Structure formats: C-alpha cells, structure tokens
Amino acid sequence: MDLAKSLDLTQFLDEFNSFLAREKPLFMEGDINLHYKFIKELENYSFNPPPKVKNLDTQIVHLKKQGILGLDEIFEFVKIIRYFLYLKKLRFEGMVKEWIDQIEIPQSIKDIEDYFDKNGKIKDDVDERLQSLARALKDNKDSIRQKLRSLLNSSKLQNYLVDRQIHYLSGEEALLVRGGFNHVLKASIVGRSSSGFFYVVPEVLRELKDKEAGILSRMEEIFYEYSKNISSIFLKNIKFLAFVNRAFDRFDHYQARIAFAKAKNLDMIVPKNDDKIILKDFVHPAISNPKPVSVDFSKKVLIITGVNAGGKTMLLKSILSAAFLAKYLIPFKLDARKSHIGRFKEIIPIIEDPQNVKNDISTFAGRMLAFSKLFSKSNVLVGVDEIELGTDSDEAASLFKVILEELMKRDIKIAVTTHHKRLAALMASHDEVELVAALYDEKKSEPTYTFLQGIIGKSYAFETAKRYGIPINIVKRAIEEYGEDQAKLSELIERGSELERELRARQKELESEHEQVRRLRSLLEDERHSLFMEIKSEKERLQKSFTEAIEEAKKAIKAKETKEAHKFLNIAHKKAKSVKIKEKEPIEPLKAGDSVRYRKNLGTIISIKGKEAFIECDGMRLRVPLNELKRARVPQKKKKESVVKVSRPKKLGMTLDLHGLRAEEAIEKTDKFISDALIAGFDEVLIYHGIGSGKLARAIREFLKNHPKVKSYTDAPPHMGGHGATIVEL
C-alpha cells in the first residue's frame, strides 16, 4: 500500500498481518462502532487462535460452476468448520454468544468434517476399501524394506556400499553405492550425492514398486470419488459456505487485533464523527527509542515550524499515521483515554519530492498538481512536508496562504511543515490555524524532538550546520551575511518560545496542584458523608427505641388506669423528645466579607484571587495565602428576651369529672383542665362526662375537635368508662 509506505508503516502492518489466519484487506465492512464493541467484548475471553487458512473465494466460484474440489481444497473449508465448532463449545456471553449462535452448521457438513484427520488426510476407518488398501500398502512397504536389508547384507555388494542406510529420494527407497555397482547389482539410478556417489533403486524391487503404484492408484480413485461426493454436498450448501467463509474473515479481523494489541502492549481507538485530532503520548511504530508525541490538531490547519532535523516530518507522519490506523481499527501506541481522532474519507500525504525526469515534471509543478486535485475533494486529511519546496519561499508563502484559506472552506484538514516563517506569520492570526514549533536545546546544541503549541519556531540553520561538521569560520561569515536585524528577530522568536515553555511548565505545575486539592476535597467529602450517614443511622435507631417505649407505655395505660402508668408514659415521652443528635453542617468555602483569623490577628476578607486573599486587619490591607486563614466566630450581642413565667397549678390530675355540669360550665372547666395538663407536660388525659342524653358528650367533643393543642380523642376502654369517658391525646 502506497499510503503505508509513505507513512513508514509497512513493517508495522506486516507484523500485524502475521497475526491473521489468512491475508486480507485491512478494511472491515459494516459499522466500525459495532466492530469496536465486539472487539472490546471479545478481548475478555481466552480462546485459541484460528488455523492458517487459504483464500477460498476461487473455490466457491468453482463450486458454483459445479466443479470438483481436491481434498486439499476441501480440507481448507473443514478447518473453518472445525474452528467454529470449537468456538461454539466456549462459554461466550452477550453479543459474541449471539453472533456465534447464529452460525448453524448443517449436519451434512459436520459429517464431512469427521472424514479428515488433523493433517487433512481421509481417515482409513471411513471406508473399508481404504482400510484394506492401507494394510496392503503397509505389507508391500515391509516387503521392500526386507529386500533392501537382504541386499545390504549381500557379500557381493559390500565393496560398493557407501553406507548401510536406506535412503528416501523422490518418495522411493534407495541405496547409496559407488561406481561399478552394475557388475554385481541391476538397478536404476535415481540421483547422485554431493560426493559423486549414486542413489539406486534395485531391479528386484521393481515388481513390488509396481504393486505399490497399483495400490496408490486404487486409493486415488477412492479419494476422487470422495472429492466428487463432497463437492456435490458443498454445492447444495454453497450459501452456507460463502457465509461461513465471510464470518471466518470477520472473526479473524477481531482476534488478530486483540492478539496484536496484547503482544505489543498497544491501544485501540475508534474514530469519532468529526475532524478533530488530539494525540496524547503517540509513538510512531517506525521509530526506535522514540519520545511520545502530544499534539492538539482541532483546527483546520496545523503549521509545524522550528529546528532542522527536529522531528517536524515525523510529527506530520505521526498525525497521518494515527488517523490511518484508527480508520482501520489497528492497535497502536498512545494514551487512548486522552486522545481523540476524527473520521476521514481519505488521507493524502504530500511528502515525497514529485520531481520526475521521465514525466518531465519539476518539484514545484508536481506540488501544484497534487494541490490542484484537492479542490475536488472533501472530508480529507492532508499532510504536506516542506510546503514551499521547489520555489521562492516568499512568493510561495503568499500563494499557499490563499490556497490553504480556500481549502479550509471545502472541509479539508491540512497539516504542513515549513522551514520558513513567513507563511506561519501570515496565517498566525487566523482562527482556524494552529502553530506548533519543534524545540531546540541551546545548552546541548541539539534538537529535543519535542514540540510546543502556539508559537513559531526558529530553524537553527547555523547551529545545525555546525553540528554536522561545517567549519566554524564559514558559519560565522554566513551569520554576518544573514544580518544583525534578522538575527535579532530570530532571538525574539526564540525568547517568545522560551517564555511560552516557562508558562506551559508553570501551568502544568498548577494543574497538578489543583488535581491534588481536588482529590483531598473529594476524600473529605466522602469522609463527611460517611460520618453523616453513621450519625443519621444511630439517631434513627434511638428514635425507634424510644417510640417503641412510648407505644408500650400507652398500652399499659389503656390496660390499667393508674397514675403511676401515666407518670412513666410522660417520662418516656420527654426522653424521646430529648434525643436529638445535631448533624454536622458542611464546611462552606471562605468568601468576601467573612471574618477570619490570620495567625493571631482578626480580620475581614476583602477579595479572593486564586490561592491568595486580600484581608483587612486593624486598618491594614494584607495579601495572604488562602490556606492559612481560619474562619473566626465573632461574638454577637445578646438581645434581651421577654420572659413569661407561668405558674404550675398546685393541684394537678390526669382526669376530669364533669358529671352534673351544664355544657357551658363543662367546656370552661375542660379548657382550664387542658391548659393545666399542657403546662404539666401530660400528653394524654381522661375526661368523664357520662352517657345520659349525650348532649354533654357532644358539646365536649365539639370543643376538643376545634382545640389547637388536641391531637386526637376517642372513647375510653370499657374498664375506664367506655362511652361515658373520652381519652384525649395532647
């Protein structure tokens, strides 16, 4: 594949192909997201890899034309059937099980599978004729060996024998002899050794050899008979064979990716439905001892500048390679969780020098030809190495600026490398253009093979020349010719790069600290929640215990009318009310206006910026670390509260007798009785009103119905007055 060759992926893909049971295109038909889900589910299981199988498309076409397959071709189908029979025995679940269960193998095909041994030979016990011929063949071979042994022991032949072994040459048993053997032995020469000796088959074996050939011929006739019958059965099941052949390729795609990823410790990433490319710790497979690459290519155009031989071309190839490998779900080295790769219809590298004497085309003309083809495409990822190659860089910068702006409108994503800064400077202000610079180590005077996003990089041409052996005096003269102003411009560019690097390093440090604080806060939240749930559980347990005690006490009162029972009832009720566990309030973050303590001083927060706060202490404003402040509780002046003292009634009982009273008098006494009971803390009292005409009972209950402190009322039990008394719950 030309694209793989341009991206230096040929060897990597050859390694991947070695995990396939048979060679096939990388592309998998169907929904790539479904393939990815299937692979992720399948990698949870252990299974044997499929056997190596030949491509059977030609054989399927041959069968459709009623052709007869050879036994070796039939056995290739048998290997596929056997593998699926093996998979059906495994305990798969989910979508894998569902898919395997859909492959129903006809019984006639299963019967054919049983004809063959593991080496693809028809088993002797399948046919009695084959068994008989196999025995005859064995006996004949034994006879040949006996004849040869007798010749080896012959005294006439001893002087001509080179060794006393039986050699196999072209499928025949032979002896190794010296020249002149024909005086003592009639034989046919079947070969010569490197030492000039002769491999011969004695004439005395000819009859046995003819017999062996006859046996083999009869066996071949039987084998052909089986080939014909099996081909006929295959023709009847041709749709199944075509289906299972495709299914085998599909499973082969999956298992190869899983095995390759495990063997090489690689990750797989499924492309998303956009054109963003964000790589985190990507490693191009063609580089030995590489530095992982991280780059954010979310915009339409990425311009890579910077030091010569600093890895610009490899960064370009890395971006295209990641998109290519993700497109075909090939595992590769990167942080899959933090990476993001879009989906592209086509990936086009414009990397090689297009100059070709045969076609009479120059470098620049070839580049223009390549770019002209892009205007008819969409949803394409393009990589261009040395974009101004082959022409004046200033002219090319203006030309390519317009070309790139036009291509951006056509849904084309482009990454380019350049040694010249003019194109990068012209396009730096564009919202859809991202800049990346290859970095240079000034102290070590060598590239770092790392990249910084957001700046234009210096090329370091003079430093590179010195590093590769150009005499220093020549380099100095070149610097003088370059000019002081241009040198200062390069210094400013590099200083900008250095400041950007420092800013990125500081940002990374702050992000690390922020992550640590976030983790600590999460731990504290978990601990607070755990403590809250523990307290809540304990509170519920205690409240349940006291509620049960109150219920038991109420039963006791209803069962027996004694003042002692009422006394215990009220004690239990008071205890239940007193069991209130204060829940821990969540710690609120400090904010402007809060009173705080800083060391030994009290102050007020004026404002907060990041991890620092401005506070006012004793008329002075201080900027202090936020984590050194503690919330201060300012004592508030207590307001005088009006106190109403209610005297406890001297005579207090839990029953009221209203017999003989008129309704008005009874209601007045009931009102005072309830008030006294509430002051005393009773929660249940008993009122005797008698049965009589029922007028007094109705008046009392109407009053109780509208009293705000009465929860409920009901007839007393028979032993406490029945319908002539009312129990009131307060």
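Subtracting the Cα-Cα distance of ASP111 and ALA286 from their residue separation scaled by 0.36 nm leaves 58.1 nm.
Note that region 655-729 shows a convex hull volume over its alpha carbon atoms of 78 Å³ per residue. Taken one residue at a time, the phi angles of region 713-730 give Karplus couplings (6.51, -1.76, 1.60, θ = phi - 60°) of 8, 7, 4, 6, x, x, 6, 10, x, x, 6, x, 9, 10, 8, 10, 9, 9 Hz. Gly and Pro are set to x.
Prolate is the label for region 125-223, because a/c, from the alpha-carbon gyration tensor with a ≥ b ≥ c as root eigenvalues, is 1.5 or above and a/b exceeds b/c. Protection proxy ranking of 217-229, 69-81, by the mean of other Cβ atoms within 10 Å over each peptide's residues and highest first, is 69-81, 217-229. Here the residues ARG129, ARG506, ARG91, ranked from fewest to most Cβ neighbours within 10 Å of their Cβ, fall in the order ARG91, ARG506, ARG129.
Restricting the calculation to alpha carbons of region 208-275 gives Rg and Dmax of 23.4, 76 angstrom. Taking label points 7 Å from Cα along the Cα-to-Cβ direction, ASP353 and LEU661 give a separation of 12.1 nm. Each peptide in 365-376, 267-278 gets a packing score, the mean of other Cβ atoms within 10 Å over its residues, and the list from highest to lowest is 267-278, 365-376.
Between LEU531 and LYS630, take the C-beta separation as r, use R0 = 22 Å, and let me know the FRET efficiency to the nearest 0.05.
The computed FRET efficiency comes out at 0.60.
Cross-linked pairs LYS40/LYS118; LYS317/LYS413; LYS508/LYS591: Cα-Cα separations exceed 20 Å for LYS40/LYS118; LYS508/LYS591. Just how far, in whole angstrom, is region 592-614 from region 257-291 if you go by their alpha carbon centroids? The two parts, judged by their Cα centres, are 49 Å apart. Computed from the C-beta positions of GLU729 and SER595 and an R0 of 60 Å, the FRET efficiency is 0.80 to the nearest 0.05. If R0 is 35 Å, what FRET efficiency do you get for ARG206 and LYS52 from their C-beta distance, rounded to 0.05? Approximately 0.30, to the nearest 0.05. Dividing the convex hull volume of the alpha carbon atoms of region 61-121 by its residue count gives 100 Å³ per residue. Annotation for GLU104 and LYS272: the two label points, set 7 Å from Cα along the Cα-Cβ direction, are 4.3 nm apart. Here the spin labels are modelled as points 7 Å beyond Cα on the Cα-Cβ line, and at GLU405 and GLU538 they lie 7.3 nm apart.
Semi-axes of the equivalent ellipsoid for region 588-633, computed as √(5λ) from the eigenvalues of its C-alpha gyration tensor and ordered from largest down, come to 13, 12, 10 Å.
Region 91-134 and region 136-196 have Cα centres lying 42 Å from one another.
Under 5 Å between amide hydrogens, which residues at least 5 positions from ILE341 or on another chain qualify, with H placed 1.01 Å from N in the peptide plane? Excluding prolines and chain starts, which carry no amide H, the hits are LYS272, ILE278.
The numbers here are math on the coordinates, done by the rules we state, and not lab data. None of these values were measured; they are calculated from a predicted model. Positions of Cβ are backbone-derived with ideal geometry, glycine not excepted, and every protein chain shown enters the neighbour counts.
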